[in-house]
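Below is one structure; the comments refer to it alone.
The values are calculated or read from the model by the stated rules, or taken from the named source; none is laboratory data. Remember, predicted model here, so these are calculated numbers, not experimental data. As a convention, Cβ positions derive from the backbone with ideal geometry for all residues, glycine included, and neighbour counts pool all protein chains shown.
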Amino acid sequence: MSESTQSTTEQNPFTRPAFIISAALVLALIAAVLVIFLVPKSDSGGQPAAAGTTTSPTASSTASGASTTSTCGLPSTSETALGIAPKSTWTLVGKMATPTDPKTFGPGVTDSDGFRSCFAHSPTGALYSAVSMIALSSSQSQALNTKLTDQLLVPGPGREIAMRESETMASPTGGDTTVQIRGFLIKSYAHTEADVDLAFETKNGVLAHTVLPLRWVEGDWKAKVSDDGKLINDITQLSDLSGFIVWSGV
């Protein structure tokens, strides 16, 4: 696989300080999507690279004995890789096509307000969970954003900061921030940790990707954020889907 990244912030607008959002997962995704809409298509975008996640030492030492039972009883698996696109049923969450398999991979629970949770302890369950988080974060719903931050971020100081910021976050206006998933890679998968690289496309045809680091906590996948509430990995522009497993609902 050819792996390359933009070498400077001048080449890569997504890594300039103005675009590194100090907020919860939902804030970062929404803000990055807005930025992407302002960037023209380019032939010099980056390609998927090794996940640059950071892991809490305490989490690594205590997570190995965690139960693989999901909160809603979805089946788990001992598989640690996903090399082909799963055959998925897609449903709209807001305007974003999102994979749905409530009896096998998740979400096993969908609340009356549309909030989705409880995914399988498996590579496909982690993938479905990651896509669902992006879909929920792009819904432009204050209530869903707050609920996502409260229930789907790994507990810790970063989550507390994200909670405070999400409670005062104003929903974006004046533009369509819809993105659609175009491909994925499971960068790594272990007993309680998964790094899911998602490629997506904006309404105006710009491709980008980000690696969402997930942790299995209390029977569900949750997103990891740094202690200051920031996303661990940047969202960067792509020139094409080389290196990704193509997978999309629309």
Counting only residues that are in contact with a strand residue (DSSP E or B) (Cβ under 7 Å, 6 or more places away or on another chain) and either surrounded by fewer than 23 Cβ atoms within 10 Å (Cβ to Cβ) or closer than 14 Å to Thr210 by Cβ (or both), region 140-154 contains a total of 2
I'd like the full set of residues that are part of a strand (DSSP E or B) and either at pLDDT below 95 or surrounded by fewer than 20 Cβ atoms within 10 Å (Cβ to Cβ) (or both), limited to region 98-113.
Asp101, Val109, Thr110
Phe184 is checked against (1) surrounded by fewer than 19 Cβ atoms within 10 Å (Cβ to Cβ); (2) at pLDDT 95 or above; (3) not small (Gly, Ala, Ser) and fails just one. What number does that condition carry?
(1)
Leading residue by the ranking (nearest to Leu92 (Cα to Cα)) among those in region 195-250 that are outside any strand (DSSP E or B) and of a type in the set (S, T, N, Q)
Ser248
For a quick check of your reading of the model, give me the residue pairs whose first member lies in region 224-250 and is closer than 18 Å to Val206 by Cβ, whose second is charged (D, E, K, R) and in a loop (DSSP other than H, G, I, E, B), with beta-carbon atoms closer than 8 Å and at least 6 apart or on different chains.
Ser239/Asp43; Gly243/Glu3
Restricted to region 223-232 and to residues being buried (at least 22 other Cβ atoms within 10 Å of the Cβ) and at negative phi, the residue modelled with the lowest pLDDT is Leu231
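Taking the conditions exactly as written (crowded, with 18+ Cβ neighbours inside 10 Å, touching a residue at least 40 places away in the same chain (Cβ under 8 Å) and of a type outside the set (A, V, I, L, M, F, W, C)), does Arg159 satisfy them or not?
Criteria met by Arg159.
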